[in-house]
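Notes for the one structure printed next.
Just so it is clear, none of the values below were taken in a lab; they were calculated from the coordinates. All figures in this text were calculated on a predicted structure; none of them were measured in a lab. Virtual Cβ from ideal backbone geometry, glycine too; neighbours counted across all protein chains shown.
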Amino acid sequence: MKGLIIRLIVLLGGLTAFGRIGAEALPSNSAAPVLRVSFPGFNKIEGSADGVTLQEVRKIPASVALRETALNRLGSYIVSKLGNLDSEKENQVLNLIRPLLGDLFQEQTYIEIRDQDPTGLHWTLAVNLDEARRRFWKTNCSALLESLTPAADQSGPFAAEAINSWFILSGPSPSVQDASGSNNINPLVDRIRRDGHPGQEASGDSLFIEADLSKLRTLLPRLIPAKLSRLTANVRGRESSLKTEIFLRFSEPIDWQLESWKIPLNTIRDSKNSLMSFTAVQGIRPWLKARAVANQLGIDPLPNQLFAWGQSFAPYQIQAAVPVSDASAEIETIARMHLSEWNKTLAKNSVGSLEKLMDGTGILWKSLPILTPYVQISHESQQDFLLGGIFPVPPSANPPPSELIRELTDRDNLLYYDWEITQARLVQLRSLIPLLSIVTTLPALPPSSLAGQWLGAIEPKLGNTVTEISVSGPNTISVLRTSHLGFNGLELIGLAYWLDSPAFPRATTTIGFRPVPGPNQ
């Protein structure tokens, strides 16, 4: 379940504009599109009274520079996938494509992908443009078709046409019409020709996404869990914030294993009112059981809940706890069964060593730069916990805010809850990256890089981000988020890494121990 939650959050992180959902928007018709995306365009959003922080962030010079660089690289990537073009032809094609990419964000845009079995997936892109831009798109697309279409091939890689105020691209083959003029292959073109717009969902001020994930899984097998079948999402501006709502449906009922929350109330502390993040997730036991590493730990039963929190009174204050039946016994089992083997791996990679405390209350990871990760026992009146962190925390008497705890205890269908002050969270995570980069393959993100400058520029503008995932039925869950940019701190770090990656727009980063140079290296 934890893996599912992580992947859901990744999906959530990709929804970055405005909207609202309802379960009724999920059609069961097999002829329904595999994917529909509707975005009102920033030209419509700019100057509105909602999503104000998003508007401000887009105008920051660092945002403009990062966006332009990303679009340039995206254009180059698209050109690289068009076939074996010589450098002169590549530059010609890039100069035709690049100006069009900016319009996809600025203007009202609608995307539809359909499974036209047996001919495969067919896509359609419709952009609502003024007359001058429609002429520009027509000129550039005509030149593209001439550049990319062999002389003997009359069909071309895509079709282009203007209907009313919309300019439409579709592929991989041109539209085919019957004698009546009705477009049999492309219902989207038919709707625009008949109604003047792609559909009702395209008329609002929100980002709308609807996806048949069971069919998209073949394209994104690592991102979409096997049982996840449909997604509907909208994100809408509300004053300075964004409201994100996602509805997810699974192909069969899921045993969520919800239970009463076992919150470590005496372990979570709010020293100097420094609590700046809190996460709670349950239903993780089935996920842990499916992982060999978790089963080898010897913890029985495996935990079904996890809590994590961060504090700002000192650097690197991130802790996590899981409820267990006997924390002292679990520490003893882990130390006896695994410390020797794990230390061999750590020594091989020159990343410190693990040491059991003399009193048996915990295990320390020693000899790392600055950080001292640990796991220790935490006894509370009715429950034991294993408590972990990346730097020892001095004791404090301050309890967590009662209103925060009530967010969990007042509901019986909550699967995941996350609250953070995103500005403080970004500061914390960015301070950790250089240390992690010393001992792992996680690349550094220099403050001087475009992505690093962007993170530094947006930090002061970000406030609370709250994410809730609730079970709404045997095979459905709802995701709600209130934020300023649609992302939490960790997702913003991931977004910055992605945009800064040499492989952009592909995502290729994997993290492991940094290889130790040999004697001749």
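What number, in percent, do you get for the relative contact order of the chain if the mean sequence gap of Cα pairs under 8 Å and at least 6 apart is divided by its residue count?
Values: 982 pairs, mean separation 88.5, N = 521.
Relative contact order of the chain: 17 percent.
Cut-off 16 Å, label point 7 angstrom out along Cα-to-Cβ of Ser367: give me the residues of segment 317-349 whose amide nitrogen falls inside.
From segment 317-349, the list is 339-349.
Can you give the extra length, in nm with one decimal, that the chain gains between Asn398 and Thr441 once fully stretched, where that is 0.36 nm per residue apart less the Cα-Cα distance?
The Asn398-Thr441 span can extend by a further 11.7 nm.
Using helices alone, I'd like the mean residue ellipticity at 222 nm for the chain: each DSSP H run of four-plus residues gives -39500 (n - 2.57), total over residue count, nearest 500.
Mean residue ellipticity at 222 nm (helix-derived): -10500 deg cm²/dmol.
Looking only at trypsin sites (Lys or Arg not before Pro) in DSSP loops with at most 16 other Cβ atoms within 10 Å, what is the longest site-free stretch of the chain?
Counting only loop sites that pass the neighbour cut-off, the longest clear stretch is 82-216.
Please work out how many pairs of lysine residues in segment 271-500 are eight or more positions apart (or on different chains) and have Cα atoms closer than 27 angstrom. Walk me through the numbers before you get to the answer.
Details: Lys272/Lys461; Lys289/Lys344; Lys289/Lys356; Lys344/Lys356; Lys344/Lys366; Lys348/Lys356; Lys348/Lys366; Lys356/Lys366.
Close lysine pairs found across segment 271-500: 8.
With +1 on each Lys and Arg Cβ and -1 on each Asp and Glu Cβ, how big is the dipole of segment 271-500 about its Cα centre, in debye rounded to the nearest 20?
On the way: 15 positive and 19 negative charges, 115 e Å.
Magnitude of the dipole: close to 560 debye.
Provide the convex hull volume over Cα atoms per residue for segment 202-299, in Å³.
199
If you take the C-alpha gyration tensor of segment 72-111, multiply each eigenvalue by 5 and take the square root, what semi-axes do you get, largest first, in whole Å?
Working: eigenvalues 97, 19, 11 Å².
Ellipsoid semi-axes (Å, largest first): 22, 10, 7.
For the pair Glu341 and Ser48, what calculated FRET efficiency results from E = 1/(1 + (r/R0)^6), where r is the Cβ-Cβ distance and R0 = 56 Å, to the nearest 0.05?
0.45
Based only on other Cβ atoms within 10 Å, what is the fewest-to-most ordering of Ile511, Ile263?
Ordered from fewest to most neighbouring Cβ atoms within 10 Å, Ile511, Ile263 come out as Ile511, Ile263.
Provide the net charge surrounding Glu403, with neighbours chosen by a C-beta distance below 14 Å and charges set as Lys +1, Arg +1, Asp -1, Glu -1.
Once positives and negatives cancel, what remains is -1.
Run the dipole for segment 47-100 about the Cα centre, Lys and Arg Cβ at +1, Asp and Glu Cβ at -1, nothing else charged, and hand back the magnitude in debye, nearest 20.
Approximately 60 debye in magnitude.
What does the extension gain come out to for Lys289 and Ser274, with contour length at 0.36 nm per residue minus their alpha carbon separation?
Values: separation 15, 0.36 × 15 = 5.40 nm, distance 3.49 nm.
Roughly 1.9 nm would be gained on extension.
Could you bin all the Cα-Cα distances of segment 271-500 into 10 Å bins starting at 0 and give me the percent of pairs in each, rounded to whole numbers?
7, 26, 35, 26, 6, 0
Explain nothing, just the number: relative contact order of segment 271-500, from Cα pairs under 8 Å at least 6 residues apart, as a whole percent.
18
Which of Val52, Val479 comes first, and how do the rest follow, when ranked by fewest Cβ neighbours within 10 Å?
With the fewest neighbours first, Val52, Val479 line up as Val52, Val479.
Report the gain in length on full extension from Asn84 to Ser353: 0.36 nm times residue separation, minus Cα-Cα distance, nm rounded to one decimal. Write out the running numbers ahead of the final one.
Working: separation 269, 0.36 × 269 = 96.84 nm, distance 5.13 nm.
The span from Asn84 to Ser353 would gain 91.7 nm if fully extended.
Could you tally the net charge around Tyr316, taking each other residue with its Cβ under 15 Å from the Cβ of Tyr316, Lys/Arg +1 and Asp/Glu -1?
Values: positive: Arg425, Arg430; negative: none.
Taking every Cβ under 15 Å from that of Tyr316, the sum is +2.
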